[in-house]
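The values are calculated or read from the model by the stated rules, or taken from the named source; none is laboratory data. Treat the numbers as computed from the prediction; the structure is a model and nothing was measured. Methodologically, a virtual Cβ is constructed for each residue, glycine included, from the backbone with ideal geometry; neighbour enumeration extends over all protein chains shown. Heads up: the accessible areas ignore ligands, DNA and RNA and are worked out on the full protein's heavy atoms, side chains in. Shrake-Rupley method; radii C 1.70, N 1.55, O 1.52, S 1.80 Å.
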Amino acid sequence: KEKTLNLHKKMAIKFNISNDINKIEVYDTSHFSGKEAIGSYIVASIKGFEKDEYRKYNIKVANTKDDYAMMEEVFNRRLKIKNNLPELVIVDGGKGQLSCVVKVFEQHDVKNINILSVSKGKMRNSNNERFFNKLGEEVYLERTDPVFYYLQRLRDEAHRYAILSHRILRKKNQFKSEIDLIEEVGPKRKKNLLLYFGSLNEIKRANIDNLLKVPSINKKTAEKIFNY
């Protein structure tokens, strides 16, 4: 606790933050070619990572390749609940993402929250990070500075959690198929259909008589599947 408290004090000096930093939220987004987009944040305090306070959001914006739109959605949803806000918000990204987040805070009339961003820079490799304060000004940190490594560690944890959340969603969506769109076909009937026919293509080829051979499939449901 003493070590982390000391790091928070040093960070406050580096980024010209006047109030004590007790709680930090670090934000990141993750998607696969615009699909299964996730926005999330991790929470850190002087006690370390507060994993029970981590949160994730399924992104709903139409263009999930637009990093700014995704970040805007995440913060609009986060700021619907204004209690328990942190003293410091860290955004994974450059000046563009930072200005987008600052704008959302202004729209929600949330003041006295310090915001900074961590950008990987041109080479996008570790130890090449650039840091920007709320005004969009770059704050230079030596690579040997403990604050540099602490910010790196916070950003990496946010990145890890975003990727993990994205993978869970992606895996979940892999089990969705056209069958899920058919009325009256729930998880049990879907499972029975796939077990009996072996694949979606075989289900498509099946006639009503074949479908009736599947457990829990009655004539009405068989007709719905066949017509679909």
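Brief remarks follow.
- Here the stretch 70-218 exposes an accessible surface that is 50 percent carbon and sulfur, computed with a 1.4 Å probe and the other protein chains kept in place.
- Listed values for the stretch 73-85 are Karplus-derived 3J(HN,Hα) couplings in whole Hz (6.51 cos²θ - 1.76 cosθ + 1.60, θ = phi - 60°), namely 4, 4, 6, 4, 6, 5, 7, 5, 10, 8, 7, 6, 6, and x replaces Gly and Pro.
- Placing a label point 7 Å from the Cα of Lys220 along the Cα-to-Cβ line, the residues of the stretch 182-201 whose backbone N sits under 15 Å from it are 183-186.
- Nearest-ten-degree value, helix 187-197 long axis tilted from longest Cα axis of the chain: 60
- Taken about its Cα centre, the chain carries a charge dipole of roughly 700 debye when the Cβ of each Lys and Arg holds +1 and the Cβ of each Asp and Glu holds -1.
- Sparsely packed chymotrypsin sites (Phe, Trp or Tyr not before Pro) within the stretch 98-169, loop by DSSP, other Cβ within 10 Å at most 10: Tyr140
- Cβ crowding within 10 Å averaged over residues, with 71-79, 184-192, 217-225 ranked highest first: 71-79, 217-225, 184-192
- Kirkwood-based shape ratio for the chain, expressed as Rg/Rh from alpha carbons: 1.17
- In order through the stretch 109-117: 3J(HN,Hα) via Karplus (6.51 cos²θ - 1.76 cosθ + 1.60), integer Hz, x for Gly, Pro: 6, 9, 10, 6, 9, 7, 10, 9, 10
- ³J(HN,Hα) computed for each position of the stretch 12-26 - Karplus, 6.51 cos²θ - 1.76 cosθ + 1.60, integer Hz, glycine/proline x: 4, 5, 4, 9, 6, 9, 7, 8, 5, 9, 9, 10, 10, 10, 10
- Residue (of Leu154, Tyr196, Gln97) at the positive-pole extreme of the chain, dipole from beta-carbon charges: Tyr196
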